[in-house]
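The structure appears right after this line, and notes come after that.
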Amino acid sequence: MRTEFPRRSLKGLAVAGAAALALGAGSAGAQPKGPPPGAGGPGGPPGGAPPAQDGKIALSAPPNFGPPPPPPTPAEQLLAGLPDPQPGAMFPMPPLPADSPMPGADPHDLRGAWHHNQPLAFRMQRDMYDKPAPYNLEGAKVLARRVNSLKDGKPFTNASAVCRPPGPQWQRDLNMPFQIFPSKDWIEFVFEEYHGRWQVVLDPAKAPRPAQKEYMGYSVGHWDGGTLVVESSDFKQALWMDVDGTPLSANGKLIQRIRKVDNGDHAPFLEIITTIDDPTYYTRPWSVVRTFSWEPSLSVFSEYNCEEQIGDPSVSADAGLLPEPKD
Amino acid sequence: MIKSRPCRGVGLILAGALLSAGIAASAAAQPATPNFEGVWKIATPTKTLKPISGPVPFTAQGRKQYEENKRLQAKGAYDDYDITLSRCNSPGTPRLMLTPERFKIWQQFGVVTFDFEWNRALRQINASNLPAQEDFIGRGLVPTMTGTSKGHWEGATLVAETANLSERTLLDDLVPHTVDMKVTEHLRLLDPDTLEDRITIEDPAYFTRPWDAVVTYKRQPPALFGEDVCLDRLKAHQPVFPQ
């Protein structure tokens, strides 16, 4: 029986640089505009309750009885001075039709069409527990250099800007659909944006590490119960994990935990927790979480043909961007 | 597409029971959609889209543009007539179907996705009732390299009609077309390991009549494709199409 899909007047789009409307800020993995790292401890800002006005006691955060927060590290001080990232925006997707095909019951069956359903995080400042990203000074310098290059009107080149595969994290984060095609020995993710491809090898004997490193790295996965655990490494170059350039060194690793979630509310989704493991730039591994709604109606991709512009021989192959200094 | 394989023995018993009860086959018992999924490669590599019979039936205007493309090719002025060679631009429809490298076919929700080894290029045939995504920027007025391909099944044959094609692509390495071109394809399995694509070109400004070409592909072993980035080859002054 054929399933009818009603025509929809809206689709989910990330509007980069849109006016400041961050929708869905309460959803898991969203990056709220929090205080800069190091500002305020777990009990709130120091100083206790504000003075009462008009005779009434104003309700406020309880006084902090805990130890004073440690002084900000040099990395935190550097990052505190950066301009805030642009907010992402997201048009809400309409609910699935009542007769929509649904994901398979097998948790190992990730086949389908999916779409990142949260506002795009321009800069991953906090982890999934709302703690500041644990930059060391080297990592903070790299991020600051990238953010300031944009502020100064001299942005650095990066894979996305020159129509190269941007790495798994940014590729998934973009609010454009992708399809998943699993097989016995590997799982292939095919993305609309950058006509991208992310391949997860389940049996390395069938698909060994390539001789040349790739932009998307080499990803090996295994099932841990109903969760697919994927380790990505061996990147061809250092990555920008988001628009502002949250860094991952070429030696960094991403560990992705992927699972299907169906709460019986006719809105199944994919959850991907990504752990960033990169001692070059961070003091410890840290994780972010993203969700991707099940969207069969987005199986038909729009064409993405960035080569037409970037490959134009009459313009700079670096799209007018500057080479980033090497560390 | 997730398939189910009914047990042959149970199927025969059931069919017999239904016939003996005089119950006609249910309208819901549609024949299964053929499965083209797998890895494919062109059987006979070619750079040109050859008509089944006779030469390409150019109009005077089409011949003129074709000769101009030949002249530009001889000069090496690729960006003036073939932006795939000069920029790694998507070869588009139907030229992608002449790729000498492998491609994969996926089928899901009635959408047939072609995933090419060359530059990770993609094209899709929408043989479902899914609407195209809203084109907020182009409003559906801007032609694309692969066009809009609407398909339906006629028995075991996928019939795809593609329109809204940018005139910035070529049919092959030389033959031009206009933005009004329509490409009709009939894709079918000749046997489990041979796929045939019968391509009909219609473009009244450049061709005096519709004309057909046939391309066949042989099934390849399952494989992951390496990450091919054409722009890196271009930057290194290497051929856009690997030799």
(request) Report whether or not residue B:159 is surrounded by fewer than 19 Cβ atoms within 10 Å (Cβ to Cβ) and over 21 Å from residue B:99 (Cα atoms). (result) no
(message) I'd like the full set of residues that are more than 18 Å from residue B:227 (Cβ to Cβ), aliphatic (A, V, I, L, M) and either touching a helix residue (DSSP H, G or I) at 6+ places or on another chain (Cβ under 7 Å) or surrounded by 22 or more Cβ atoms within 10 Å (Cβ to Cβ) (or both), limited to region A:229-244.
(response) A:241, A:243
(request) Would you mind stating whether residue A:318 is within 14 Å of another protein chain (Cβ to nearest Cβ), more than 30 Å from residue B:150 (Cα to Cα), without any contact (Cβ under 8 Å) to a residue 24 or more places away in the chain and assigned to a loop (DSSP other than H, G, I, E, B)? (result) no
(message) Name the residue that is nearest to the other protein chains (Cβ to nearest Cβ), counting only residues in region B:66-96 that are buried (at least 23 other Cβ atoms within 10 Å of the Cβ) and not in a loop (DSSP other than H, G, I, E, B).
(response) B:87
(request) Evaluate the following for residue B:39: is it in a strand (DSSP E or B), out of contact with any Asp or Glu (no Cβ under 8 Å at 6 or more places or on another chain) and surrounded by 21 or more Cβ atoms within 10 Å (Cβ to Cβ)? (result) no
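Table: residues versus (1) within 12 Å of chain B (Cβ to nearest Cβ); (2) of a type in the set (A, V, I, L, M, F, W, C).
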{"site": "A:65", "(1), (2)": "no, yes"}
{"site": "A:72", "(1), (2)": "no, no"}
{"site": "A:92", "(1), (2)": "no, no"}
{"site": "A:112", "(1), (2)": "yes, no"}
{"site": "A:116", "(1), (2)": "no, no"}
{"site": "A:141", "(1), (2)": "no, no"}
{"site": "A:177", "(1), (2)": "yes, no"}
(request) Mind checking which strands (runs of 3 or more DSSP E) fall wholly inside region B:114-209 and carry at least 3 residues that are closer than 26 Å to residue B:59 by Cβ? (result) B:157-163, B:182-191, B:194-202
(request) Test each condition in (1) under 27 Å from residue A:234 (Cβ atoms); (2) in contact with a Gly (Cβ under 8 Å, 6 or more places away or on another chain) for residue A:119 and report the one that comes out false. (result) (1)
(message) One residue is enough: does region A:120-131 have a residue meeting the conditions surrounded by fewer than 22 Cβ atoms within 10 Å (Cβ to Cβ), more than 17 Å from the chain's Cα centre (by Cα) and modelled with pLDDT of 95 or more?
(response) no
(message) So, in region A:179-210, how many residues would count as being facing chain B (nearest Cβ under 10 Å), assigned to a loop (DSSP other than H, G, I, E, B) and touching a residue at least 12 places away in the same chain (Cβ under 8 Å)?
(response) 6
(request) Check A:293, A:232, A:299 and return the single one that is under 30 Å from residue A:109 (Cβ atoms), away from chain B (no Cβ under 14 Å), of a type in the set (Gly, Ala, Ser) and touching a residue at least 60 places away in the same chain (Cβ under 8 Å). (result) A:293
(message) With the structure loaded, tell me whether residue A:249 is touching a residue at least 24 places away in the same chain (Cβ under 8 Å), surrounded by fewer than 22 Cβ atoms within 10 Å (Cβ to Cβ), among the small types (Gly, Ala, Ser) and farther than 24 Å from residue B:122 by Cα or whether it fails that test.
(response) yes
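The values are calculated or read from the model by the stated rules, or taken from the named source; none is laboratory data. Remember, it's a predicted structure, so these values are computed and weren't measured experimentally. Neighbour counts run over all protein chains shown; Cβ positions are idealised from the backbone, glycine included.
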